[in-house]
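What follows is a single structure, written as structure tokens, with notes after it.
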Amino acid sequence: MKKYNFSPGPAKLNSSVIETIDQNILEYDNTGISILEISHRSDSFDEILTKTKENLSNLLTIPKNYKILFLQGGATFHNTFIANNINEKMQTTNLITGTWGEKTYEDFSKIRNTHKMKLKNSQIKEFLKDYPTKKIKNTDYVHITSNETIEGVQLREFHKIDNNLIIDSSSDIGSYKFDWQNVAYIYAGAQKNLGIPGVTISIIREDFIEQNENSTYLNLSKLIDKDSLLNTPPTFSIYVLKLVTDWMLNAGGIEYFEKQSKDHSDAVYSMLSKYSDHVSLPVDEYARSKMNVVFNFKNEKIEKLFLKESLENNIIGIKGHRSVGGIRISLYNSIDKSAVEYLLKFMSSFFEKL
Ligand code: PMP
């Protein structure tokens with residue numbers, strides 16, 4: 001039975017990607033072995049690595065003065081990794097707009113002194129208003145989370161923050177074009193818009209990379225020198241990242257997915273606004289995520305019924321995060337128009353019955 005998977009991640013993959021994986025698990029590219037078995041030192045993997053970086057560069061228009069690194073440990077490892085690779089003389093600020101930013105702050109502050117700055121979703125618009133003069137004072141690097149997956153809060157116009165930015169873009173990378181001007185370091189787990197768990201993509205401006213005495217897997221400059229091959233990389237996850245980025249480029253690149261996420265999220269938010277007698281949207285319009293649409297039913301019993309009936313209709317992954325409750329519909333790149341239409345049809349018939 002086909003399921004409509006709106007999960008927050010690991011997320012749906014396009015079916016053409018799964019079909020290619022299926023074939024290559026049996027045998028990869030006439031090598032006589034499975035993709036699961038290829039050595040990270042083989043020519044085949046060298047080609048995959050080179051092509052994956054090329055795809056990311058094309059997709060995200062990465063400027064020449066940035067390095068791409070593939071690591072394990074998820075976005076969570078980056079809290080420790082990045083905090084350990086910023087010179088201790090540098091000042092950092094964690095600008096927090098939700099749960100993941102809060103977690104990053106907690107880890108950063110175990111490793112280094114860092115300033116905390118918290119913004120409610122309703123304050124984001126005002127905060128970014130004074131562009132281009134919005135500079136957070138006395139700080140060398142500002143950490144932000146471009147999309148707070150749990151609360152459905154997106155800080156898309158981060159180019160308006162006139163500081164060197166370190167960005168956790170785990171849940172919105174590859175869904176819109178952004179300005180690289182202030183980006184010192186951007187990272188994302190692949191498992192939402194770009195593939196499966198196991199690989200985290202880091203894109204790092206060269207001036208951020210300093211030599212230090214950190215141990216092997218915490219040593220950014222050594223990992224960069226070895227081009228993601230200092231130890232065994234997550235070969236299969238990188239290979240899936242290559243397939244997903246191939247698929248995205250063929251589909252029309254970032255412009256295509258930017259438009260798609262706008263169209264899809266607009267359609268869902270506008271249906272919810274229509275039924276505002278029954279549901280509330282906790283995020284101010286300006287900061288509403290185009291990736292994770294979060295809402296609450298005013299009546300708990302109706303919310304339970306909505307979840308029950310969604311499952312009966314083969315819609316999965318829409319229960320809100322346990323820390324905030326409610327409903328969360330994730331509209332990552334692999335969610336196509338027909339899936340959104342199916343969801344909207346279900347929602348509208350549910351609301352009309354109330
Ligand atoms: N940051 C964000 C924005 C996330 O959505 C997540 C995972 N949902 C994380 C960090 C943690 O990522 P990981 O599980 O890859 O460590």
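For segment 27-35, indicate whether the set of residues that are part of a helix (DSSP H, G or I) and under 26 Å from Ser175 (Cβ atoms) is non-empty.
Keep residues of segment 27-35 that are part of a helix (DSSP H, G or I), which gives 35.
Remaining after also requiring under 26 Å from Ser175 (Cβ atoms): none.
Within segment 27-35 (the criterion being part of a helix (DSSP H, G or I) and under 26 Å from Ser175 (Cβ atoms)), the answer is no, since none of the residues qualifies.
Go through Phe178, Phe257, Phe208 for me and flag whichever is out of contact with any Leu (no Cβ under 6 Å at 6 or more places or on another chain), crowded, with 17+ Cβ neighbours inside 10 Å, farther than 28 Å from Lys12 by Cβ and of a type in the set (Phe, Trp, Tyr).
Phe208
Let me confirm something: among Lys67, Lys3, Lys12, which residue is within 16 Å of the ligand (Cβ to nearest atom) and among the basic types (Lys, Arg)?
Lys12
Of all residues in segment 156-178, which are within 11 Å of the ligand (Cβ to nearest atom) and of a type outside the set (S, T, N, Q)?
Initial filter on segment 156-178 (within 11 Å of the ligand (Cβ to nearest atom)): 167-173.
Answer for segment 156-178, where residues must be within 11 Å of the ligand (Cβ to nearest atom) and of a type outside the set (S, T, N, Q): Ile167, Asp168, Asp172, Ile173.
Condition check ((1) touching a residue at least 60 places away in the same chain (Cβ under 8 Å); (2) under 18 Å from Gly174 (Cα atoms); (3) within 16 Å of the ligand (Cβ to nearest atom); (4) out of contact with any Ser or Thr (no Cβ under 7 Å at 6 or more places or on another chain)) across all residues:
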position	(1), (2), (3), (4)
Tyr187	yes, yes, yes, no
Gly198	yes, yes, yes, no
Ile201	yes, yes, yes, yes
Gln211	no, no, no, no
Leu229	yes, no, no, yes
Tyr275	yes, no, no, yes
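Among the residues of segment 278-306, how many are without any contact (Cβ under 8 Å) to a residue 40 or more places away in the chain and either surrounded by fewer than 15 Cβ atoms within 10 Å (Cβ to Cβ) or more than 18 Å from Ser349 (Cβ to Cβ) (or both)?
Within segment 278-306, residues that are without any contact (Cβ under 8 Å) to a residue 40 or more places away in the chain and either surrounded by fewer than 15 Cβ atoms within 10 Å (Cβ to Cβ) or more than 18 Å from Ser349 (Cβ to Cβ) (or both) number 9.
Within segment 89-133, track down each residue that is more than 25 Å from Leu281 (Cβ to Cβ), assigned to a loop (DSSP other than H, G, I, E, B) and not hydroxyl-bearing (Ser, Thr, Tyr).
Lys89, Met90, Gln91, Arg112, Asn113, Asp130, Pro132
For segment 137-150, what are the residues that are near the ligand (Cβ under 10 Å from one of its atoms) and either touching a residue at least 60 places away in the same chain (Cβ under 8 Å) or assigned to a loop (DSSP other than H, G, I, E, B) (or both)? Before you say what the answer is, go through the steps one by one.
Going residue by residue through segment 137-150, those that are near the ligand (Cβ under 10 Å from one of its atoms) are 145-150.
Result: Ser146, Asn147, Glu148, Thr149, Ile150.
Only residues in segment 6-30 that are closer than 23 Å to Asp43 by Cβ and small (Gly, Ala, Ser) count as the first member; pair them with residues that are within 16 Å of the ligand (Cβ to nearest atom) and in a loop (DSSP other than H, G, I, E, B), Cβ under 6 angstrom, at least 6 apart or cross-chain, and list the lot.
Qualifying pairs under 6 Å: none.
Which pairs do you get when a residue that is free of Cβ contacts under 8 Å to residues at least 12 places away in the same chain, found in segment 32-56, comes within reach of a residue that is of a type in the set (Asp, Glu) and in a loop (DSSP other than H, G, I, E, B), reach meaning Cβ atoms under 8 angstrom, with the pair 6+ apart or on two chains?
Ile33/Glu27; Ser34/Glu27
Go through (1) within 16 Å of the ligand (Cβ to nearest atom); (2) under 20 Å from Ile62 (Cβ atoms) and name the single condition Asn121 misses.
Evaluating Asn121 over (1) within 16 Å of the ligand (Cβ to nearest atom); (2) under 20 Å from Ile62 (Cβ atoms) leaves (2) as the failure.
Can you tell me which condition Glu303 does not meet? The list is (1) within 22 Å of the chain's Cα centre (by Cα); (2) closer than 23 Å to Gly98 by Cβ; (3) not basic (Lys, Arg), and all the others hold.
(1)
Rule-based calculations on the coordinates, nothing more; no lab input. The structure presented is a predicted model; accordingly, all values stated were derived computationally and were not measured. Note: ideal-geometry Cβ built from the backbone for every residue, glycine included; neighbour counts use all protein chains shown.
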